[in-house]
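In what follows, a single structure is set out as structure tokens and then discussed.
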Amino acid sequence: MQVTTPACTLVQLAARLEPRQLERAVDEADKLGLIAPGPLRRALERFAGTTGVGVLRDLLDAATFTLTDSELERRFLPLARAAGLSLPLTGQVVSGFRVDFFWPDLGLVVETDGLRYHRTPAEQARDRVRDQAHAAAGLTPLRFTHAQVAAEPGRVQALLEAVASRPCRA
């Protein structure tokens, strides 16, 4: 049985997968502790000239790649980019809570809520406590549901543009 390194496997996948599938594979490799984006980017030098390296390098470019935890988060990111927002910090602890997306320069925290973790009254109550903690810290908390991201992308983008265009707070 032949075994390949995580970097080699991702290069091979890059030649076959659609960009969103490849991004999901890189996210999963990082979450599983197999290889992080930084070491993966450096490992690409060993595979120079191999089909898939260019695609994977482009994906890992700091200007275009942001680690996410879910398909919903991956679907949200293009809306934020289209709204003119810079790349967010992801998976950061803000106001004592791990958040999906954080723009420190805007004081903006965004959570993308799928039904899997946000459907019960108790889960929704915890979400309100999180939002209140962010607001108390002077941040703007926004939540977008899967339905909003999938079916109302224009509305999501417009709201993000409105927040991004606010005058800076002191």
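Of all residues in the stretch 133-158, those satisfying the criterion of being buried (at least 18 other Cβ atoms within 10 Å of the Cβ), part of a helix (DSSP H, G or I) and touching a Phe, Trp or Tyr at 6+ places or on another chain (Cβ under 9 Å) are H134, V149, V156.
The set of residues in the stretch 70-101 being under 10 Å from the mean Cα position of the chain (by Cα) and in a strand (DSSP E or B) consists of L89, T90, F101. In the stretch 91-105, the condition of being of a type in the set (G, A, S) and more than 26 Å from K31 (Cα to Cα) is met by no residue.
Condition test on V93, is it more than 30 Å from A151 (Cβ to Cβ) and surrounded by 15 or more Cβ atoms within 10 Å (Cβ to Cβ)?
Working: more than 30 Å from A151 (Cβ to Cβ): yes; surrounded by 15 or more Cβ atoms within 10 Å (Cβ to Cβ): no.
No: the conditions fail for V93.
Can you spot a residue in the stretch 136-151 that is polar (S, T, N, Q) and in contact with a His (Cβ under 6 Å, 6 or more places away or on another chain)?
Start the filter on the stretch 136-151 by keeping residues that are polar (S, T, N, Q), which leaves 140, 145, 148.
Add one more test, that the residue is in contact with a His (Cβ under 6 Å, 6 or more places away or on another chain), and what stays is none.
Within the stretch 136-151, none of the residues are polar (S, T, N, Q) and in contact with a His (Cβ under 6 Å, 6 or more places away or on another chain).
For D69, the test of being closer than 22 Å to D27 by Cβ and modelled with pLDDT under 85 is passed.
Hey, does the stretch 98-105 have a residue that's of a type in the set (A, V, I, L, M), buried (at least 17 other Cβ atoms within 10 Å of the Cβ) and touching a residue at least 40 places away in the same chain (Cβ under 8 Å)? No, the stretch 98-105 contains no residue that is of a type in the set (A, V, I, L, M), buried (at least 17 other Cβ atoms within 10 Å of the Cβ) and touching a residue at least 40 places away in the same chain (Cβ under 8 Å).
The values are calculated or read from the model by the stated rules, or taken from the named source; none is laboratory data. Please read these numbers as outputs of a predicted model, since none were measured by experiment. Methodologically, a virtual Cβ is constructed for each residue, glycine included, from the backbone with ideal geometry; neighbour enumeration extends over all protein chains shown.
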